[in-house]
Amino acid sequence: MPKTSSDAAATAPRRLGRAELPRDTRALARYLLGKTLVHETAQGRTSGRIVETEAYVVGDAAGHAFVGETPRNRSLFLERGHAYVYFSYGVHWCFNISAETECVGAGVLVRALEPLDGVELMRVRRGTDRLIDLARGPGRLAAALAIDRRLDGVDLCGKGPLWLGTALRPVGRIGRSVRIGITKETQRLLRFYERGNPFVSGSRAMRQ
DNA sequence: AGTGCGATTGACT
DNA sequence: GTCAATCGCACTA
């Protein structure tokens, strides 16, 4: 059987520091492609390679921060590198990374991961055996890594259980498209993904 | 206090 | 392809 990036415990990524993250929201969305997202819990470690992101920039009517700071979106106003986790459609959690500086509301939605460590644990959490579906889409990704409201606002650049790591493998060609599922600012090309990667969400055309 | 709706997913025709 | 599930939040009054 050929070795794939989904084999457990491939190589250990190094934690990324805040200084390594671009301030600019769009730049951060691109930078994150190929990087590793890790969550360590009592159940074990799950991690994945980020293959799809969306930028929600300053002054963006589609962004949750557009209405100004509220109890729900306050994490978007933290310094870059903090988690913004929100509850979507009364069913799913979605994971974002705050961007820009403190008091500026912007962030990057992480939409899909290529599973790395803890694939079996992800299968249990997700209730499916299909590797391709474990973390393909923001709601699935959060479920696979057990990300929920408890992680809203945590620093991803500290020593906590949820953190960003270096890329274990360089990112390939980056594709760009409109963002998925929004009703405002629908023409802006703020979705970024690794071209041809089967773990990217959406239709086949959206992965090319 | 009531209303409308959403950065989604999975089941079903 | 269509559509219900299911909740918290922002907004109106």
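Quick rundown of the values:
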{"item": "Filter result (surrounded by fewer than 14 Cβ atoms within 10 Å (Cβ to Cβ) and within 16 Å of DNA strand C (Cβ to nearest atom)) within segment A:166-180", "result": "none"}
{"item": "Unmet requirement for A:Met206, which otherwise passes all of (1) farther than 26 Å from A:Glu20 by Cα; (2) crowded, with 17+ Cβ neighbours inside 10 Å; (3) in contact with a Ser or Thr (Cβ under 7 Å, 6 or more places away or on another chain)", "result": "(2)"}
{"item": "Qualifying positions in segment A:150-176 - under 13 Å from the mean Cα position of the chain (by Cα) and of a type in the set (Gly, Ala, Ser)", "result": "A:Gly165"}
{"item": "Of all residues in segment A:58-115 being closer than 11 Å to A:Gly153 by Cα and surrounded by fewer than 17 Cβ atoms within 10 Å (Cβ to Cβ), the one that is nearest to DNA strand B (Cβ to nearest atom)", "result": "A:Arg72"}
{"item": "Residues located in segment A:89-108, provided they are among the hydrophobic types (A, V, I, L, M, F, W, C) and free of Cβ contacts under 8 Å to residues at least 60 places away in the same chain", "result": "A:Val91, A:Trp93, A:Cys94, A:Phe95, A:Cys103, A:Val104"}
{"item": "Where A:Gly44 falls short, out of the listed (1) under 24 Å from A:Glu120 (Cβ atoms); (2) away from DNA strand C (no atom under 16 Å from the Cβ); (3) touching a strand residue (DSSP E or B) at 6+ places or on another chain (Cβ under 9 Å)", "result": "(3)"}
{"item": "Residue match in segment A:127-149 (condition: surrounded by 19 or more Cβ atoms within 10 Å (Cβ to Cβ), acidic (Asp, Glu) and either over 12 Å from the mean Cα position of the chain (by Cα) or in a helix (DSSP H, G or I) (or both))", "result": "no"}
{"item": "Residues being more than 16 Å from DNA strand B (Cβ to nearest atom) and either within 30 Å of A:Thr70 (Cβ to Cβ) or assigned to a helix (DSSP H, G or I) (or both) - total across segment A:155-171", "result": "9"}
{"item": "Matching residues, segment A:1-37, being at pLDDT 95 or above, within 16 Å of A:Leu113 (Cβ to Cβ) and of a type in the set (Val, Ile, Thr)", "result": "A:Thr36"}
{"item": "Scan of segment A:183-208 for residues that are in a loop (DSSP other than H, G, I, E, B) and over 17 Å from the mean Cα position of the chain (by Cα), ordered by number", "result": "A:Thr183, A:Lys184, A:Glu185, A:Thr186, A:Gln187, A:Arg188, A:Leu189, A:Gly196, A:Ser203, A:Gln208"}
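The values are calculated or read from the model by the stated rules, or taken from the named source; none is laboratory data. Quick caveat, the model's predicted, so the values are computed rather than measured. All Cβ positions, glycine included, derive from the backbone under ideal geometry; neighbour counts span all protein chains shown.
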